[in-house]
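Here the structure is laid out as C-alpha cells; the discussion comes afterwards.
The values are calculated or read from the model by the stated rules, or taken from the named source; none is laboratory data. Computed from a predicted structure; not experimentally measured. When we count neighbours, we look across all protein chains shown, and the Cβ atoms used for this are built from the backbone with ideal geometry, even at glycine.
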Amino acid sequence: MAILQPLVDIAAICYQQGVRHVVASPGSRSAALTLAFARHGGFAMHVCMDERSAGFIGLGIAQQTRVPVVLICTSGSAVYNFAPAVSEAFFQQVPLVVISADRPKEWLHQYDGQTIYQSEIFGKHIKRSFELSSDYAHKDVQWAINRIANEAVTLASTTPPGPVHINVPIREPFYPGAGEDMIASADLKVITRQASESILSPETWNNLLDDFEDFPKILIAVGQNMPDPELSEVLNKISEEWDIPILADHIANTTGDKIIRNHDLFLGRTDIQNLVPDLLITTGLSFISKDFKQFIRKNPPKAHWHISEDAFLADPMQSVTNIIPTSPQYFFQNLFEKIDYQLFVQNSDPETDSQFIQNWNIQDTKSSRIKADYLQNLSKINDLTSLDLVIKYTRKVYQLHVANSMSIRYVNVLDLPPYIPGVFCNRGTSGIDGCVSTAVGAALMNNEETLLIVGDVAFMYDRNGLLIESLPQNLKIVVINNAGGNIFRMIDGPAGLPELETYFETRHAFSAKRTCEDSDIAYFSCNALETLETSINQFLENEGISLLEIFTDPYENEQVWKSLKRACKA
C-alpha cells in the first residue's frame with residue numbers, strides 16, 4: 001500500500017495557512033487527498049455526495065468566514081460539477097481552494113474510466129490553475145508541490161479573493177495500508193504572505209478633493225457587499241452632514257435610517273430629471289436594480305468614481321470616469337476626515353446642493369407609502385404579500401439568505417427590520433443553482449438563526465444540498481411555490497409568447513414535502529391568506545430546521561407585481 005507524502009503535506013500546509021473547513025465528495029481516486037485532510041485532525045470535514053451542492057456549501061462557509069475552504073473531488077465529470085460554484089465564487093469574490101484528483105495524463109483517450117481533460121478545466125473563472133506532477137519521488141517535484149500549496153491558499157485570500165484550482169494526478173496504489181500513519185514531513189515549509197493596504201498619494205487626494213468640491217449634486221450608490229458596520233457608519237455621517245443621498249440594495253448590507261431603499265419602484269419614471277447627479281460614486285459588486293442601472297445609462301453624470309481593488313474595469317452603468325483602487329472603508333473614511341477638516345479650517349459649510357437629497361427622499365418616501373398602502377389592501381395570497389408577512393413576523397434576529405430570480409427582486413422592494421444582520425444572495429452569476437446549498441453552508445458557520453427565501457424551481461434544482469449527514473438546525477426555509485418560473489411572467493419578452501408555460505415557466509405539480517421527509521425537516525404549508533399568519537408563526541416557533549411552503553397563483557403574482565410597479569410610477 002502507499003502513503004503519498006506530498007499530498008499529506010498539502011493538508012498540513014492548508015492548516016498552517018489557516019484553512020479549517022473541507023467539503024469532500026466521495027470517490028476513489030481522491031482517497032489519498034480526502035484521507036490526508038480527514039486524518040490530520042484539525043479540519044471540520046463536511047461530506048456531500050453531489051459535487052455541485054458540495055461546491056456551494058463550501059461557498060456558503062467561505063462567505064461567512066472569509067477564509068478559504070477546501071473542496072475535494074474525484075476525477076472525471078465530478079470536477080465539472082464544481083463549475084457553477086467556482087464561477088459564482090469568482091464573480092462574488094469568495095475564497096475557495098479546489099483540489100481535484102486526476103488520472104495520469106498518459107491514460108487520456110485510452111478508454112480509461114473517469115479520465116477527461118482536467119487541467120485548467122474552469123477556464124477563466126478561476127484566479128489561477130495549478131497542476132502537480134504525477135511522480136512525487138524527485139526532490140524538485142516535492143519542492144514544487146509544497147510551493148504550489150502555499151501559493152494557492154494565499155492567492156485565494158489575496159484581494160480580491162476568489163477560487164483557485166489544484167489538479168492532482170494520482171497513480172495507484174493510493175490507499176494507505178493498515179497501521180500506516182499520515183504524518184506531515186518534518187521539514188514542512190510554510191510560506192506566508194503579508195497583507196497590504198492600497199492607499200492614495202497626497203497628490204491624488206488633492207486632485208480628488210478639488211474635483212469633489214466642483215459637484216453640488218453627489219450620489220453614492222453601494223452594490224453587493226459584506227456587512228461592514230464601519231463603512232455604514234461613515235456613509236451615514238457623509239449623508240447626514242453633507243446632504244448626500246446614499247442608495248443601496250439590500251444585498252449592499254448598508255444600514256441606516258436615511259438610506260434610499262425604494263429606488264427600484266420610482267427610477268423607471270420619466271419625470272425624475274431632478275435626481276440626476278453631477279458626481280456618482282459607486283462601490284461594491286453588482287446592483288439588483290435594473291432601473292437604477294438604466295437610469296444612469298440614460299442620464300450619465302459629469303463624473304463617475306468607482307471605488308474598487310478589482311483587477312477588472314467594471315462599468316455596468318457605462319459612465320465610469322475614474323477608478324480609485326482602494327478599499328471603500330479607507331476611501332470614505334479619509335474623504336470624510338479630509339473634507340471635514342477643510343470645512344473646519346475654512347469655517348464654512350459644504351457646497352453640496354441640499355435640495356438634491358430632498359428630491360431623492362421625497363421619491364423614496366412616496367414610494368414607501370404607496371407600497372405600504374398597496375400591500376395592505378391585497379386580499380388574495382400572493383408571493384409579495386407572503387414574503388412581506390414572513391419578514392414582518394420574524395421578530396428575532398435572522399441572517400437572511402435569498403435565492404435568485406423573483407425571490408431577490410421581491411425582497412429588494414420590501415422593508416427589512418433593522419435587526420437583520422446581513423442579506424446574502426448569489427449575485428456573482430445570479431444563477432438559481434446552489435441557493436439552498438449556499439444557505440446550508442452559511443448556517444453551518446454563522447451561529448445565528450438563518451432564514452432562506454427561495455422559489456420552487458430554485459429549491460428543487462438544489463435539493464441535494466439537504467442530503468448532508470448533519471443539517472444545521474438553525475436554518476429555516478421559506479419556499480414560494482407558484483408552480484413554475486414565475487419571473488418569466490414579469491419579463492416583457494417571454495411574457496407575451498404562447499410557449500410561455502411550456503418552455504419558460506416549466507409548469508409542475510411538485511412540492512417540497514417529500515424532500516422534507518427524506519431530510520427529516522419539519523414541514524409546514526399554506527395556500528390561503530386567512531391562514532398565512534398562523535402558518536408563519538408555527539413555522540418560526542418550531543425548534544430545529546423547518547420549512548414553510550407557501551402555494552401561490554402565478555397569474556395573481558403577475559398582476560400584483562406589475563400593479564405595484566405601475567402604482568409607484570404613475
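Overview of results
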quantity: Count of residues meeting criterion [among the small types (G, A, S) and within 16 Å of A11 (Cβ to Cβ)] in the range 126-182; calculated: 3
quantity: Residue selected from the range 243-263 under the condition closer than 14 Å to L279 by Cα and in contact (Cβ under 8 Å) with a residue 40 or more places away in the chain, by the criterion surrounded by the fewest Cβ atoms within 10 Å (Cβ to Cβ); calculated: D243
quantity: Verdict on S470 being in contact with a Ser or Thr (Cβ under 9 Å, 6 or more places away or on another chain), surrounded by fewer than 22 Cβ atoms within 10 Å (Cβ to Cβ) and either hydroxyl-bearing (S, T, Y) or closer than 29 Å to G256 by Cβ (or both); calculated: no
quantity: Residues of the range 460-480 satisfying the condition of being under 20 Å from Y393 (Cβ atoms) and among the β-branched types (V, I, T); calculated: I477, V478, V479, I480
quantity: Selected residue (criterion: surrounded by the most Cβ atoms within 10 Å (Cβ to Cβ)) from residues of the range 412-424 that are among the β-branched types (V, I, T) and touching a helix residue (DSSP H, G or I) at 6+ places or on another chain (Cβ under 6 Å); calculated: V413
quantity: Unmet criterion (only one of (1) part of a helix (DSSP H, G or I); (2) of a type in the set (D, E, K, R); (3) within 24 Å of K392 (Cα to Cα)) for R514; calculated: (3)
quantity: Subset tally (residues that are assigned to a loop (DSSP other than H, G, I, E, B), under 15 Å from P169 (Cβ atoms) and within 24 Å of the chain's Cα centre (by Cα)) for the range 121-142; calculated: 1
quantity: Members of the range 142-188 that are of a type in the set (S, T, N, Q) and touching a residue at least 60 places away in the same chain (Cβ under 8 Å); calculated: Q142, N146, N150, T154, S157, T159, N167, S185
quantity: Residue match in the range 36-51 (condition: touching a strand residue (DSSP E or B) at 6+ places or on another chain (Cβ under 8 Å), β-branched (V, I, T), surrounded by fewer than 24 Cβ atoms within 10 Å (Cβ to Cβ) and within 22 Å of Q93 (Cα to Cα)); calculated: no
quantity: Of the criteria (1) farther than 22 Å from T365 by Cβ; (2) buried (at least 16 other Cβ atoms within 10 Å of the Cβ), which one K302 fails; calculated: (2)
quantity: Close pairs (6 angstrom Cβ cut-off, 6 or more residues apart or separate chains): free of Cβ contacts under 8 Å to residues at least 40 places away in the same chain in the range 5-20, of a type outside the set (A, V, I, L, M, F, W, C) anywhere; calculated: Y15/G42
quantity: Test: residue in the range 438-447 that is more than 24 Å from P26 (Cα to Cα) and out of contact with any Ser or Thr (no Cβ under 8 Å at 6 or more places or on another chain); calculated: yes
quantity: Filter result for G55 (touching a residue at least 40 places away in the same chain (Cβ under 8 Å) and either under 27 Å from the mean Cα position of the chain (by Cα) or not assigned by TED's automatic domain parsing to the domain that holds L471 (or both)); calculated: yes
quantity: Subset of the range 517-544 [under 17 Å from N382 (Cα atoms), in a helix (DSSP H, G or I), out of contact with any Cys (no Cβ under 9 Å at 6 or more places or on another chain) and free of Cβ contacts under 8 Å to residues at least 40 places away in the same chain]; calculated: E530, T531
quantity: Given (1) farther than 30 Å from E449 by Cα; (2) at pLDDT 95 or above, index of the condition I339 fails; calculated: (2)
quantity: Residues of the range 78-123 that turn out to be loosely packed, with under 14 Cβ neighbours inside 10 Å, over 16 Å from T429 (Cβ atoms) and free of Cβ contacts under 8 Å to residues at least 12 places away in the same chain, as a count; calculated: 7
quantity: Residues of the range 206-224 classified as surrounded by fewer than 19 Cβ atoms within 10 Å (Cβ to Cβ) and either among the β-branched types (V, I, T) or part of a loop (DSSP other than H, G, I, E, B) (or both), total; calculated: 3
quantity: Search result, residues across the range 338-354 that are in contact (Cβ under 8 Å) with a residue 12 or more places away in the chain, closer than 13 Å to E241 by Cα and in contact with a Leu (Cβ under 8 Å, 6 or more places away or on another chain); calculated: I339, P350
